[in-house]
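Just below is one structure, and these are the notes that go with it.
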Amino acid sequence: MNEKLKETLLSILPITIMVLLIHFSTFASLDKVLLTRFIIGAVMMMIGLPIFLQGVDMSIERMGEQMSGALVKSNKMIIVLIGGFILGFLVNAAEPDIHIFSRQFAALTAPDRSHWIFVLIMSTGFGLAASAGLLRIIRNIKMRYFMAIFFGLLFILTFFTGEEFIGVAFDTYGATTGAIATPFLLALAIGVSSKTRRSTDEAAESFGILGIGSAGAVLAILVQGILLKDSNVAAVTDVAEISSRTLSHGTFFLQTMLETIQEVALGLSPILLSYVIVAILWIKPKKRDIRRISVGAIVTFLGLVIFLTGVYFGFLEASHEVGTQLALRGEMWLPLTVGALFGLVSVFAEPSVAILNTQIEEETTGSIRGKTVLWTLAVGVALAVTISILRILIPEFRIFHALLPVLGGIIILCFFVPDIFIGISVDAGGVASGTMAAAFILPYAQGIAKNTVGADPLIDGFGVITFIAMIPILSMLVLGFIYRVKARKAEQEQTD
Amino acid sequence: MNKEQKPMTTKKPADILLASVVTRGKGSQLMNLLKHEGASYAVCTFAEGTIPSHILNMLGIAKTKKELVFAFIDQSIEAQCYQILAKEMKLDHPGHGVAFSIPLCSHPNHQDETDLAATFIIVDEGKGEDVLDVLDELGLRGGTLINAFGGASMTDILFDMPIQPEKEVIFMVAPKEPLIDMLGVLDDKLDLSQPHQGIAVTFAISRAIGLYSEGKKGK
């Protein structure tokens, strides 16, 4: 239990201390209302995170594992593929972020159409790609070919896509895999992989499904944009203004919590429902498992509601306020430095990152340490936020100036790193751009954009998540490259 | 699967397998300590520990993350190794882990046999918890669970290709008598004497540290 406490403190304290430091250094001071909410939010995150992770361990991962067993035992590829598609589709369609993005999307491109069309398109893309990802695992097709093809297509399609559209489309990569989908799909893929292993060194094939799925969703949305040629930005309705200061703490808290409860219930429901169906028909779980999974589902629900309520209640507005005040000071280095630091510490608090890191350690039996991955992702996100803020501050700096080199770098690097790192890196991209990116970094960037001359908060706001998703992929690949160089050196030393 | 594999040459052949279960993350330190003392070979793998608590077990949160270290040492340095483990890893305090020796060959000078034994039970993936339940009924608590692959024959074919079936290994230290009784009970419940149902073996233990209360293992 001591270990768990330490882990939690290490993940939430850095971001808390960082914001408090900025507050007390008076670069950007929060008022009483925001400060109180921020501290309450931080405490809730510290309580919610370990509860959520415990619940995931008890139920979500177990459900993913058992469903992978049911798929594999069918011994029919077509069942695995259809099952993979349905699960990928459902999990994605229930992702709250997908609905937010779809609404923005509809508002941007086709105000007369329902946002559900876009949810459908993204989820189909995700489901198809996730299904292909399972095929890859079973047939042992190397991840690097998959990655090169998917990212190659993204690279090419970017040229045919309107500039305003690029950011929104690529933001989907980060929106697709949230805190519930991540552990479920990871467990599903790892289960399929370990149940169809011909030798024990195939652990490298377990990862990559999240990233492939997300890339599939982005591809679907890009193709849609090109086919329907509606990538012209229509009259833009402004993003919802964040202002809850007039509400009392209690009202705002209740309102936030109710919204969060809806969000988490929606995210959990497709997994629970499909598990119940599969369990009754095929798995026939033991009593022990049923008890464990039901208790675990409740624990997951509670933990995530507490955690997310904390984030939305305390962090969203605080970071927006910090962004606003820093931009108003008119010095460029301030928002850049603070942005980089915010990016760094927000990764530690991201629940999906913690889940991915545990799985990486388990699957590689510790040869790739979670801490190393964590720091690599943190540096990647810090860089990503810096680029996004630069883009806001310098109007000439366009999104494709940074995106195309990053995509190119990813495609080239994936031929020079060990197999295991390729799967891990694509997964890491979607995982790094989770809750904290959407509810802490994005409001910060928007706060800056609103108060910078020449910046358009809507256009510049899109694309922030894009980089938080893409640059960690690059930084993980660089880590893989360093591993390879080091391994080669060690080999040479041994032969000497 | 092995995290670290650095064979080192020593003059004397090792005659003791020193096994140790510690908290996740402490394995490397332990291996370094043992190698420093002269262990000829040490490997570390991930394992899960079970806590002897019924309530936690019912909720399914009875698992804790552990690392399992196997090291080969010479009998002459055994005492030293245990001193170091007690001092540096605090294995002589409750809750810090266990270590014990399995003699690799019958040694004429080996007098200090304990009344403890270790058991390894290898079953198909998913049956590990059934084994733990059987052990629990017999009052044997605190086993360690390792995920593994393989089997006597690679008969499993999935999607037109032969695969390595998943296994679970349960590993426990307890007094000799109940452990030997356990073999019979386990056979009754899980049909181990039938082909392809699993294997259970026991080993004598010559020395141990970190075990607490009768019939129970500290971890």
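Does A:Val379 satisfy the criteria of being farther than 20 Å from A:Ala439 by Cβ and modelled with pLDDT of 95 or more?
yes
Suppose the filter is more than 30 Å from B:Phe46 (Cβ to Cβ), acidic (Asp, Glu) and either outside any helix (DSSP H, G or I) or free of Cβ contacts under 8 Å to residues at least 12 places away in the same chain (or both); does A:Glu396 pass it?
yes
Scan region A:274-307 for residues that are assigned to a helix (DSSP H, G or I) and free of Cβ contacts under 8 Å to residues at least 12 places away in the same chain and report the count.
Final tally of qualifying residues: 8.
Looking at A:Phe440, A:Phe415, A:Phe481, can you tell me which residue is modelled with pLDDT of 90 or more and not in a helix (DSSP H, G or I)?
It is A:Phe415.
Name the single residue, out of those in region A:419-450 being under 14 Å from A:Ser319 (Cα atoms) and more than 18 Å from the chain's Cα centre (by Cα), that is surrounded by the fewest Cβ atoms within 10 Å (Cβ to Cβ).
Residue satisfying both the conditions and the ranking: A:Lys450.
Mind listing just one residue for me: the one in region B:185-219 that is surrounded by fewer than 19 Cβ atoms within 10 Å (Cβ to Cβ) and among the basic types (Lys, Arg) and, of those, modelled with the highest pLDDT?
Among those that are surrounded by fewer than 19 Cβ atoms within 10 Å (Cβ to Cβ) and among the basic types (Lys, Arg), it is B:Lys189.
Of the numbered conditions (1) in contact with a Cys (Cβ under 6 Å, 6 or more places away or on another chain); (2) not in a helix (DSSP H, G or I), A:Asn75 fails exactly one; give the number of that condition.
That leaves (1) as the condition not met.
Based on this model, can you work out whether A:Ala189 counts as under 28 Å from B:Glu168 (Cβ atoms) and of a type in the set (Gly, Ala, Ser)?
yes
Among A:Ile293, A:Ile271, A:Ile261, which is the only one that is of a type in the set (Val, Ile, Thr) and within 14 Å of chain B (Cβ to nearest Cβ)? Let's see the steps before the verdict.
On the way: A:Ile271 fails: within 14 Å of chain B (Cβ to nearest Cβ); A:Ile261 fails: within 14 Å of chain B (Cβ to nearest Cβ).
Exactly one residue qualifies, and that residue is A:Ile293.
When B:Ile209 is evaluated against the numbered criteria (1) within 12 Å of another protein chain (Cβ to nearest Cβ); (2) closer than 29 Å to B:Lys90 by Cα, which criterion, by number, is the only one it fails?
If we test B:Ile209 against (1) within 12 Å of another protein chain (Cβ to nearest Cβ); (2) closer than 29 Å to B:Lys90 by Cα, just (1) comes out false.
Could you please let me know if A:Val295 is surrounded by fewer than 23 Cβ atoms within 10 Å (Cβ to Cβ) and modelled with pLDDT under 95? Lay out the reasoning, then the answer.
Values: surrounded by fewer than 23 Cβ atoms within 10 Å (Cβ to Cβ): yes; modelled with pLDDT under 95: yes.
Yes.
Let's see how each residue does on (1) surrounded by fewer than 24 Cβ atoms within 10 Å (Cβ to Cβ); (2) touching a helix residue (DSSP H, G or I) at 6+ places or on another chain (Cβ under 6 Å); (3) hydrophobic (A, V, I, L, M, F, W, C):
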residue: A:Ile47; (1), (2), (3): yes, yes, yes
residue: A:Ser74; (1), (2), (3): yes, no, no
residue: A:Ile78; (1), (2), (3): yes, no, yes
residue: A:Phe89; (1), (2), (3): yes, yes, yes
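Here's the yes/no breakdown for (1) of a type in the set (A, V, I, L, M); (2) buried (at least 20 other Cβ atoms within 10 Å of the Cβ); (3) touching a helix residue (DSSP H, G or I) at 6+ places or on another chain (Cβ under 8 Å); (4) within 14 Å of another protein chain (Cβ to nearest Cβ):
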position	(1), (2), (3), (4)
A:Glu350	no, yes, yes, no
A:Asn357	no, yes, yes, yes
A:Ile360	yes, yes, yes, yes
A:Gly380	no, yes, yes, no
A:Arg398	no, no, yes, no
A:Pro405	no, no, no, no
A:Leu413	yes, yes, yes, no
A:Val417	yes, yes, yes, no
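Counting residues that are under 18 Å from the mean Cα position of the chain (by Cα), within 14 Å of another protein chain (Cβ to nearest Cβ) and modelled with pLDDT under 85, which strands (runs of 3 or more DSSP E) fully inside region B:70-170 reach at least 1?
In region B:70-170, the matching strands (runs of 3 or more DSSP E) lie at B:144-149.
Given the options A:Arg37, A:Arg103, name the one that is of a type in the set (D, E, K, R) and surrounded by 21 or more Cβ atoms within 10 Å (Cβ to Cβ).
On inspection, the qualifying residue turns out to be A:Arg37.
Residue under question is A:Gly84, and the condition is that it be within 14 Å of chain B (Cβ to nearest Cβ) and in contact (Cβ under 8 Å) with a residue 40 or more places away in the chain; does it hold?
Yes; evaluated as a whole, the condition is true for this residue.
Restricting region A:262-290 to residues that are more than 18 Å from A:Met67 (Cβ to Cβ) and touching a Leu at 6+ places or on another chain (Cβ under 9 Å), which is modelled with the lowest pLDDT?
Only one residue fits best here, namely A:Glu263.
Considering only region A:453-496, state which residues are of a type in the set (Asp, Glu), surrounded by fewer than 17 Cβ atoms within 10 Å (Cβ to Cβ) and within 30 Å of A:Ile98 (Cα to Cα).
The answer is A:Asp456, and nothing else.
The values are calculated or read from the model by the stated rules, or taken from the named source; none is laboratory data. Since this is a predicted model, take the numbers as computed values, not measurements. Cβ: placed from backbone, ideal geometry, glycine included. Neighbour counts: every protein chain shown.
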